[in-house]
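Trainee: Please see the structure below; I have some questions.
The values are calculated or read from the model by the stated rules, or taken from the named source; none is laboratory data. All figures in this text were calculated on a predicted structure; none of them were measured in a lab. Because the Cβ atoms are built from the backbone with ideal geometry, glycine has one as well, and the counts that use them run over all protein chains shown.
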Amino acid sequence: MHQEQHLISVIVPVYKVEEYLTKCIDSIIVQTYSKLEIILVDDGSPDNSGKMCDDYTLKDSRVKVIHKKNGGLADARNAAINIASGEWFVFIDSDDYVERDYVENLYKLTQKYDCKAACSRFRYVFENAEDSCSVGEYSAIDCCYNKWDALKYLFMQQHIHTGAWGKIYHRSLFATGIRYPFGLIYEDLPTTYLLLLQCDKIGYSSKRTYNYLLRSTSIEGEKFHKGKSESAVKIIQSIQNHFNELTPILPAVKSRLFSLALHVLLAMPDDYCGQDKDFLLQHLKKNRISVIFGINIRSKVRFAALISFFGLNICKKIFSKMKGNVTLQRSASSNSK
C-alpha cells in the first residue's frame with residue numbers, strides 16, 4: 001500500500017465477552033492496514049474482559065483502553081468517538097472477528113471513490129459451529145452508490161445493513177454531533193442513516209470481511225423484555241420525525257419500521273400489556289397497506305403485512321410453523337448485541 005496512510009480508529013465496545021475477546025482483538029492486530037488506533041472500551045464488564053484489554057496494551061502500542069461505568073453499547077461507542085484521534089472510524093463488536101483485509105478493503109473504497117463512508121458485506125457465524133449462514137461464494141465486486149440508492153438499500157435491508165460495524169466513516173460525519181442514542185436497543189438503526197444522509201456517495205464492496213457471531217446470550221438473542229419494545233417505539237418516532245428528509249425513499253423507510261414493529265410484537269408474551277404494545281400495534285395497522293402496495297418492499301415484509309390482517313396470534317403461529325421467525329428477526333433487527 002501507499003506509505004502515506006491516514007490514521008484509522010478501530011472502536012471495540014467490550015462487555016462480558018471474555019470467551020470471544022481474544023479472537024476479536026487478534027483479528028484486528030494482524031490487519032493488513034497497520035496505521036491503526038485500537039480503542040477497547042471496557043463498559044464496566046464484571047468478568048475478566050477489562051483485564052484482558054489491559055494486557056493487550058503490553059502487546060501492541062496501538063491499543064488504548066477506556067474503563068467506564070456500564071452504560072450500554074451505544075454509550076461505549078460514544079466514549080471512544082469522543083477521544084478518537086483517527087481521520088476515519090471503524091467499528092467492530094467484541095464477540096465478532098474480521099478478516100485480515102477488513103480495514104484495508106473499506107479504506108480503499110473511500111480512496112477509490114472519494115467518499116466519506118463505505119461499507120462491505122458480512123457473514124453469519126454460528127456459535128460452536130464452523131458453518132456460516134450466508135449465500136454461496138462468488139467474486140467480490142465494488143461500486144459507488146449515490147446517497148439515495150445507498151439509503152434505499154439500507155432500509156430495504158439489501159446490500160447495506162444498519163449495523164455500526166462493517167463500515168468506515170470519516171470523522172467529520174460525527175462532528176455534527178451525531179452519537180448513538182443512550183440506553184436504546186437497536187441503536188444502530190436511528191444512527192447509521194443519519195451518518196449516510198450527510199454523504200453524497202457511499203462506497204460498497206460485496207466482499208465478506210466481517211464475521212458476525214450469532215449467540216444466544218447477545219442482546220438480540222435474549223428473551224423479550226420491556227426495553228426492546230420501548231426502544232422500538234422511540235426509534236420509530238425518531239425516524240418519523242425525519243420523514244421530510246427521507247421523502248425520496250419513504251416506502252423503503254416505512255417498510256423497515258413496519259418490520260421492526262412486527263419483530264418486537266412477535267417476541268412479546270401473549271399476556272404482555274402496555275402503551276408500547278398499543279403503539280406498535282397501531283403502527284402496523286396504519287402502515288400495512290402502504291407496505292403491501294409500496295415499491296422497494298422486500299417480499300418477506302410484504303407477506304408479513306398481508307398476514308397481519310389476521311391478528312398477532314395468527315402471525316405468531318404462521319411464522320412459528322414456517323420457522324421464519326428467526327429470519328424475520330435477522331432482517332428486522334439492527335444486529336445489536
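Trainee: Going by the conditions given, is L21 hydrophobic (A, V, I, L, M, F, W, C), under 26 Å from N105 (Cα atoms) and assigned by TED's automatic domain parsing to the domain that holds I83?
Mentor: For L21, the condition - hydrophobic (A, V, I, L, M, F, W, C), under 26 Å from N105 (Cα atoms) and assigned by TED's automatic domain parsing to the domain that holds I83 - is met.
Trainee: State whether the residues of region 297-304 include one that is modelled with pLDDT under 95, polar (S, T, N, Q) and either part of a loop (DSSP other than H, G, I, E, B) or surrounded by 15 or more Cβ atoms within 10 Å (Cβ to Cβ) (or both).
Mentor: Looking through region 297-304, none of the residues is modelled with pLDDT under 95, polar (S, T, N, Q) and either part of a loop (DSSP other than H, G, I, E, B) or surrounded by 15 or more Cβ atoms within 10 Å (Cβ to Cβ) (or both).
Trainee: For S34, which of the numbered conditions (1) outside any loop (DSSP other than H, G, I, E, B); (2) without any contact (Cβ under 8 Å) to a residue 40 or more places away in the chain fails to hold?
Mentor: For S34, the exception is condition (1).
Trainee: Between a first residue in region 190-203 that is over 9 Å from A117 (Cα atoms) and a second residue that is at pLDDT 95 or above and in a strand (DSSP E or B), which pairs have beta carbons less than 8 Å apart while being 6 or more apart in sequence or on different chains?
Mentor: Short answer, once both residue conditions are applied: T192/K167; D200/N146.
Trainee: If you don't mind, there's one more thing I want to ask. When the residues of region 199-224 are filtered to those that are among the β-branched types (V, I, T) and not in a strand (DSSP E or B), which remaining residue is modelled with the lowest pLDDT?
Mentor: I219
Trainee: Might you let me know whether region 310-323 holds any residue that is in contact with a Leu (Cβ under 7 Å, 6 or more places away or on another chain), at pLDDT below 90 and in a loop (DSSP other than H, G, I, E, B)?
Mentor: No - not one qualifying residue is present in region 310-323.
Trainee: Then there's this: In this structure, does L246 turn out to be over 21 Å from A79 (Cα atoms), out of contact with any strand residue (DSSP E or B) (no Cβ under 9 Å at 6 or more places or on another chain) and assigned by TED's automatic domain parsing to the domain that holds A118?
Mentor: For L246, the condition - over 21 Å from A79 (Cα atoms), out of contact with any strand residue (DSSP E or B) (no Cβ under 9 Å at 6 or more places or on another chain) and assigned by TED's automatic domain parsing to the domain that holds A118 - is not met.
Trainee: While we're looking at this one, here's another question. Answer yes or no: is there a residue in region 165-188 that is farther than 23 Å from L21 by Cα, among the β-branched types (V, I, T) and either crowded, with 23+ Cβ neighbours inside 10 Å or touching a residue at least 60 places away in the same chain (Cβ under 8 Å) (or both).
Mentor: Checking region 165-188: not a single residue is farther than 23 Å from L21 by Cα, among the β-branched types (V, I, T) and either crowded, with 23+ Cβ neighbours inside 10 Å or touching a residue at least 60 places away in the same chain (Cβ under 8 Å) (or both).
Trainee: Same structure again: Going through region 135-183 one residue at a time, which ones are in a loop (DSSP other than H, G, I, E, B) and among the charged types (D, E, K, R)?
Mentor: E137, R179
Trainee: Could you give every pair whose Cβ atoms fall below 6 Å, whose first residue belongs to region 238-258 and is within 14 Å of I295 (Cβ to Cβ), and whose second residue is assigned to a helix (DSSP H, G or I) and polar (S, T, N, Q), counting only separations of at least 6 or pairs across chains?
Mentor: Every condition considered, the pairs that remain are K254/N287; K254/S290.
Trainee: Any residue in region 49-61 that is among the acidic types (D, E) and either under 21 Å from the mean Cα position of the chain (by Cα) or surrounded by 15 or more Cβ atoms within 10 Å (Cβ to Cβ) (or both)?
Mentor: no
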